[in-house]
Amino acid sequence: MKKIVIIGAFALGLVASAVAAAHWTAPGRKAQFVFGGALVDVGYGLQDGVESYDFAHEHELKPAQVWAEMLKHNRLSSGMRHAFPRTAHHPLVALVVCMDARIDTNELVGDTRRFYYVIRTAGSVMGEREHEMLELAVANGVKLVVLTTHSDCAAERAAATPELREKFPALSRAVDEREASVAAFLERPTIAAALAAERLRVERVAIETLTDQLETDGER
């Protein structure tokens, strides 16, 4: 198994070198971007089946054990980041996304280069605090705000189910008021001015949870 991993890593290295060598041509840059995305997906796939690093590898984990496991994951990940530092990029896009763990914003856009501010709330709902977060993002150079919903949303299901509405009344009201909140955000003076001057664009999309496919209003 170790030999296979070494051979595979060597082969990937050769391909990466060839792709990098073609960086100065448009097809080469596209190949480099696609190849990088493929490597990210391969990495996710390799990690998915490693149960010894899975929070659920024991059925009765106590909160302290979950915390210890999270710290272990962080030490491994941050160690790799220290060994392979990343290039900094200023975010140009702000995403408002549900807190559902199935929605991975890196996979959503196929790009891990940090061009994105991300606000995550249950049901992608916004209140005045989120409005101000987005205003701050726009003041800091964001040119695109993407407001999302997604299929099989637990918050939407709670708002649509009488028994669950009784358990989660504030969340249910927030989902009910989501459209009004979006309208209020668009009417905020700084946002309205940025939109009118074409310094900002706001898009609304639905995410297909299983595939991360973005669907615009015209596609639904």
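Hey, among the residues in the range 192-220 that are out of contact with any Asp or Glu (no Cβ under 9 Å at 6 or more places or on another chain) and in a loop (DSSP other than H, G, I, E, B), which one's farthest from VAL145 (Cα to Cα)?
Only one residue tops the list, namely THR211.
Mind listing whichever residues of the range 185-220 are β-branched (Val, Ile, Thr) and either at pLDDT 95 or above or within 14 Å of the chain's Cα centre (by Cα) (or both)?
In the first step, residues of the range 185-220 are kept if they are β-branched (Val, Ile, Thr); the result is 190-191, 202, 205, 207, 209, 211, 216.
Those that are β-branched (Val, Ile, Thr) and either at pLDDT 95 or above or within 14 Å of the chain's Cα centre (by Cα) (or both): THR190, ILE191, VAL202, VAL205, ILE207, THR209, THR211.
Looking only at the range 195-209, count every residue that is within 24 Å of VAL109 (Cα to Cα), free of Cβ contacts under 8 Å to residues at least 60 places away in the same chain and among the aliphatic types (A, V, I, L, M) and tell me the total.
Matching residues across the range 195-209 total 4.
Identify all residues within the range 169-188 that are aliphatic (A, V, I, L, M) and over 18 Å from CYS98 (Cβ atoms); write none if there are none.
Narrowing the range 169-188 to residues aliphatic (A, V, I, L, M): 170-171, 174-175, 180, 182-184, 186.
Selection gives ALA180, ALA183, ALA184, LEU186.
The conditions are (1) under 26 Å from THR121 (Cβ atoms); (2) free of Cβ contacts under 8 Å to residues at least 24 places away in the same chain; (3) in a loop (DSSP other than H, G, I, E, B), and GLU60 fails exactly one of them. Which is it?
(1)
Just to check your reading of the model, which residue among ARG114, ARG81, ARG75 is modelled with pLDDT under 85 and outside the structural domain of VAL202 (by TED's automatic domain parsing)?
ARG81
Could you tell me which of the residues LEU164, LEU92, LEU108 is of a type outside the set (Lys, Arg) and closer than 22 Å to THR190 by Cβ?
Numbers: LEU164 fails: closer than 22 Å to THR190 by Cβ; LEU108 fails: closer than 22 Å to THR190 by Cβ.
One residue alone meets the criteria, LEU92.
Mind telling me which of the residues THR149, THR161, THR190 ends up being closer than 28 Å to VAL42 by Cα and of a type outside the set (A, V, I, L, M)?
Testing whether each residue is closer than 28 Å to VAL42 by Cα and of a type outside the set (A, V, I, L, M) leaves just THR149.
In contact (Cβ under 8 Å) with a residue 40 or more places away in the chain and in contact with an Asp or Glu (Cβ under 8 Å, 6 or more places away or on another chain) - does that describe any residue in the range 123-139?
Yes, because at least one residue in the range 123-139 is in contact (Cβ under 8 Å) with a residue 40 or more places away in the chain and in contact with an Asp or Glu (Cβ under 8 Å, 6 or more places away or on another chain).
Working carefully through the options VAL19, VAL66, find the one that is touching a Phe, Trp or Tyr at 6+ places or on another chain (Cβ under 7 Å) and at pLDDT below 75.
None of the others qualify; the one that does is VAL19.
The values are calculated or read from the model by the stated rules, or taken from the named source; none is laboratory data. Predicted model, so just to flag it, every value in this text is computed and none were measured. Cβ: placed from backbone, ideal geometry, glycine included. Neighbour counts: every protein chain shown.
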